[in-house]
């Protein structure tokens, strides 16, 4: 999308066309485009409008029903913060007593909208003219919003956007040439710039990639503490948020926040942090295997799961927990352990064939075995389905045949360890 597309979509004709479009259907989009052009709509406007319909449908799981009224860009949808996560970001700033936040690298304005919903004033800044124009359209009608097209690293831009006593929020661009960027110093702006701003603007937060190394996150900036919180939504790790100064919780260095969607569609949040009890003991496989949520693993809090369920680690280097009974926890998925054996293709094939297994779910951690290769080598032909976990138990390559627990409180059982 370019500036002409934005202008056309924001024109009265463009707005009327967008409102008239039905929900996007890839199967009928081509025919719909032909009908609109035949009705006299300019081809460029039709293409831009249908692109918006497609992007809005793609953004709906992230942004909810609000997506239907936003202007969007492909990169903006990709990087936009999910609405329920952006809402939690905004609450941090409001709870810290902030009245105004500079959204530095605002993209399409997803975080800015959440900040405005929380009653905060926002100055949204983006270096790309088209993206800034899209953000301005999305924030139009909010008296507390101001949008600037500027490079946040240019002298004076941050100071002007933050004001005398505001806070700063960064969502650095993590894509270059269509590819993800994993090095925090290769994002735009780099993490070092974010930390430099945090040394001057006490209330600074930043959305970082989930895989950011722990050693890249300083324990404090300018004598003020920091908190890194990894967030997952229904098991998908979506970010690591770095909170500085008054936005960080006292005494918390690392944490995990998990959003779980219930049958009614509502999300419930669960949190754990490094102030929770933790255990790093290693022991034998018990009746239940726990697979901690990805955010918990990223935050280095597997030991907190072990403490919560009264369990132990399978191996000091593996993020699996085992216990002698099932304990309800939102921090991990539980599996009843039905059989344990040392890893070996022949004994595994024999066990699975003896139990009529033809469909196999393979989970792995701490092994180089590729699930697809293993399935081909096993040559299973039965009708039953099974789940196996390939991992290390006290340093030994092992296979655990497991069954997903139907509930958080169901109990499991297993065969005795063989070999």
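No lab work stands behind these numbers, since they all come straight from the coordinates. For clarity, every value in this text was computed on a predicted model and none was experimentally measured. Here the Cβ is made from the backbone with ideal geometry for all residues, glycine too, and neighbour counts use every protein chain on show.
Against the main long axis of the alpha-carbon atoms of the chain, helix 191-200 sits at an angle near 70°.
Were the residues from residue 87 through residue 180 laid out at 0.36 nm apart, the gain over their Cα-Cα distance would be 31.0 nm.
Estimated from helices alone, the mean residue ellipticity of the chain at 222 nm is -9000 deg cm²/dmol (sum of -39500 (n - 2.57) over DSSP H runs with n ≥ 4, per residue).
Exposure proxy shown here: for 220, 338, the number of other Cβ atoms within 10 Å sets the order, fewest to most, as 220, 338.
Expressed to the nearest 5 percent, the antiparallel share of DSSP beta bridges inside the chain is 60 percent. GNM on the chain, alpha-carbon springs under 10 angstrom: the most fluctuating residue among 293, 126, 234 is 234. Computed on the chain, with alpha-carbon pairs under 8 angstrom and 6+ residues apart, the relative contact order is 9 percent.
Counted over the stretch 62-179, the DSSP beta bridges are approximately 5% antiparallel.
Principal-axis analysis of the Cα atoms of the chain puts helix 83-95 at an angle of about 70° to the longest axis. According to the Kirkwood relation over distinct C-alpha pairs, the hydrodynamic radius of the stretch 3-62 is 11.7 Å. Looking at the stretch 210-277, the DSSP beta bridges with both ends there are about 75 percent antiparallel.
When the Gaussian network model of the chain links Cα atoms closer than 10 Å, the mean-square fluctuations of 361, 157, 77 top out at 361. Distance from the Cα centroid of the stretch 21-52 to that of the stretch 181-221 is 42 Å (rounded to whole angstrom).
When 351, 169, 243 are arranged by Cβ crowding within 10 Å, least crowded first, meaning fewest neighbours, the order is 351, 243, 169.
Peptides 29-38, 131-140 ranked from most to least packed give 131-140, 29-38, packing being the mean of other C-beta atoms within 10 angstrom over each peptide's residues.
Based only on Cα atoms, what Rg/Rh ratio does the chain have, Rh being taken as Kirkwood's radius?
1.05
What separates the Cα centres of the stretch 233-305 and the stretch 336-352 is a distance of 31 Å. Relative to the longest principal axis of the C-alpha atoms of the chain, give the angle of the C-alpha long axis of helix 345-354, reported between 0 and 90° and rounded to the nearest 10°. Roughly 80 degrees, rounded to the nearest 10.
Rounded to two decimal places and with Rh computed the Kirkwood way over Cα pairs, what is Rg over Rh for the stretch 273-386? It would help to have the intermediate numbers written out before the result.
Details: Rg = 15.7 Å, Rh = 15.4 Å.
Answer for the stretch 273-386: 1.02.
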